[in-house]
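The structure appears right after this line, and notes come after that.
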Amino acid sequence: MQKPAIIVVTLLLAVLLLAACAQNNNQVTDTTGTVAALPPTSTATPTPPLPATYTPVAMGHGGHLYAVSTRSIHIVRAGDTLGELAKQYGVTVQAIAQANRIYNYNLIEVGDILYIPPCE
């Protein structure tokens, strides 16, 4: 009957010893045997980079500088057609279709986001 009690006591002592070792993980013992607590450390989290932005390039034509315009975004409303949008933005229907990978000009739906390329 005493053997199971000895095993239980031995296991409890082992658990207590492991718990005591786990609590002292922030201390350092030097060669003289003195214990010094480590200062708390912090790690810096790097800031994620910002996404690239578009900067218009200055183009020269006839001695004048002008900025190349960026493309516009248009959200399709009821009644919009590619022909009307092309007239509104001053580009061709083919340019809008190519910029948005539209193969059938009749398949635009309300709520679609269309990229309008800059007029040339």
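Some observations on this one:
- Residues that are outside any helix (DSSP H, G or I) and of a type outside the set (Phe, Trp, Tyr) within the range 81-107 comprise THR81, GLY90, VAL91, THR92, ARG101, ILE102, ASN104, ASN106, LEU107, listed in sequence order.
- Cβ-Cβ contacts under 9 Å between residues 6 or more apart (or on different chains), taken from a first residue in the range 71-95 that is aromatic (Phe, Trp, Tyr) to a second residue that is in a loop (DSSP other than H, G, I, E, B) and buried (at least 17 other Cβ atoms within 10 Å of the Cβ), are listed as TYR89/PRO117.
Each value in this text was obtained by applying a stated rule to the coordinates, not by laboratory testing. Remember, it's a predicted structure, so these values are computed and weren't measured experimentally. Virtual Cβ from ideal backbone geometry, glycine too; neighbours counted across all protein chains shown.
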